[in-house]
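Right, one structure below, let's go through it.
All of the numbers you see were taken from the coordinates with simple rules; none came from a lab. This one's a predicted model, so the numbers in the text were calculated from it and none came from an experiment. FYI the Cβ positions are ideal-geometry reconstructions off the backbone, even for glycines, and counts take in every protein chain you see.
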Amino acid sequence: MSYHGIKFQVREHVAYVVLNRPKAANTINVEIAKDLMMAAIRCDEDPAVRSILIRGEGPMFSGGGDLKAFAAKGGELPAYLKETTTYLHGAISRFVRQSAPTVCAVHGFAAGGGFSLAIASDLVVAAESAKFTMAYTKAGLTPDGSSTYFLGRLIGLRRAMDMALTNRILTASEAHSWGLVSRVVGEDDLAEEAEGLARKLAHGPTWAYGATKDLLHRGLSESLETQMELETRAIANAVRTDDAKEGVQSFLEKREARFAGR
């Protein structure tokens, strides 16, 4: 499949999803949103994909929505935004729900829809110079891209309100201390750190990763007893997998596990 706003390839069980509009600050228009959705579906359907690395080409991760494209639509803008968010939200939903963990590497700005895409990822690695901002209300707009779902869960309602209403810009260090970022690394180390993490996950127990992700998401809304029942069912199903059998055997034999992702 050909893509218009991203680059996509799979190497050694890692799917590389690269936002590729560097001259436009990797802003999100309908084409790049559709590309992201199709890439997410491809990752979800390809058993060779066992982790996903999302990053941006050029000087920043993403400046958010393509306001120039928005302005050009005139009276057709509401319909255009419904189409764009349908694709973007489809992409994010599939990245979140599939078993393969998603690592997002952030440099420069992650703003608006780019911010949303980043915080929806399972793990976020940020360069020391990275900055994070909602930016939506600065343009008289409201948030999208799952940010109103994830932001409060990650940092609490009070801080989420602060970011959403004042468009406060967080440094990488602040984002890490608030819980938006998994780890912060030097600018020159970002690519190696993020790719190394994705490659490590690509050799892990993929089914168990997916079930664990699901449990953690559901644990934010389920009752204690329901959540424990979900845990029971998940671990009972986990032991049916080849990876669980290998994991237990490798522990008994005091060696590194060789997971096959099934």
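May I ask which residue of Leu165, Cys104, Leu190 lies farthest towards the positive end of the charge dipole of the chain, with charges of +1 (Lys, Arg) and -1 (Asp, Glu) on Cβ and the Cα centre as origin?
Leu165
Apply the Karplus parameterisation 6.51 cos²θ - 1.76 cosθ + 1.60, with θ equal to phi minus 60°, to every residue of the range 184-197 and state each ³J(HN,Hα) to the nearest whole Hz, in sequence, with x for glycine and proline.
10, 9, x, 3, 6, 9, 4, 4, 5, 5, 5, 5, x, 5
Taking the Cβ of each residue in Lys23, Lys213 as the centre, tally the other Cβ atoms inside 10 Å and list the residues starting with the fewest.
Fewest-to-most ranking of Lys23, Lys213: Lys23, Lys213.
Treating only the Cβ atoms of Lys and Arg (+1) and Asp and Glu (-1) as charged, compute the dipole magnitude of the chain about its Cα centre; round to the nearest 20 debye. Before the final figure, lay out each step's value.
Numbers: 31 positive and 31 negative charges, 60 e Å.
Magnitude of the dipole: close to 280 debye.
Got a sec to turn the phi values of the range 76-82 into Karplus ³J(HN,Hα) couplings, 6.51 cos²θ - 1.76 cosθ + 1.60 with θ = phi - 60°, whole Hz, x for Gly and Pro?
8, 4, x, 5, 4, 5, 5
Test of understanding: ordering Lys7, Lys131 by Cβ neighbours within 10 Å, fewest first, what list do you get?
By the 10 Å Cβ count, ascending, the order reads Lys7, Lys131.
For Rg and Dmax of the Cα atoms in Å, the listed values are (1) 17.6, 54; (2) 18.8, 67; (3) 17.0, 48; which was obtained by calculation from the structure presented?
The value computed from this structure is option (2).
Starting from the coordinates of the alpha-carbon atoms of the range 206-252, obtain the Kirkwood hydrodynamic radius over all distinct pairs and give the value in Å to one decimal.
Roughly 11.4 Å, rounded to one decimal.
Could you pull out every residue, at least 5 positions away or on a different chain, whose amide H is within less than 5 Å of the one on Ile28? Hs are placed 1.01 Å off N in the peptide plane, and Pro or chain starts have none.
Gly64, Gly65, Asp66
On a 18 Å Cα-Cα criterion, which of the cross-link pairs Lys23/Lys68; Lys7/Lys213; Lys7/Lys34; Lys200/Lys245 come out too long? Don't skip to the end; give the middle numbers.
Numbers: Lys23/Lys68 13 Å; Lys7/Lys213 26 Å; Lys7/Lys34 13 Å; Lys200/Lys245 20 Å.
In this structure, Lys7/Lys213; Lys200/Lys245 exceed 18 Å between Cα atoms.
Under the rule of at least 5 residues apart or a separate chain, name every residue whose amide H is placed under 5 Å from the amide H of Cys104.
Amide H neighbours of Cys104, under 5 Å, 5+ apart: Ile54, Leu123, Val124, Val125.
Quick check on the exposure proxy: order Cys104, Cys43 from fewest to most C-beta atoms within 10 angstrom.
Values: Cys104 28, Cys43 24.
By the 10 Å Cβ count, ascending, the order reads Cys43, Cys104.
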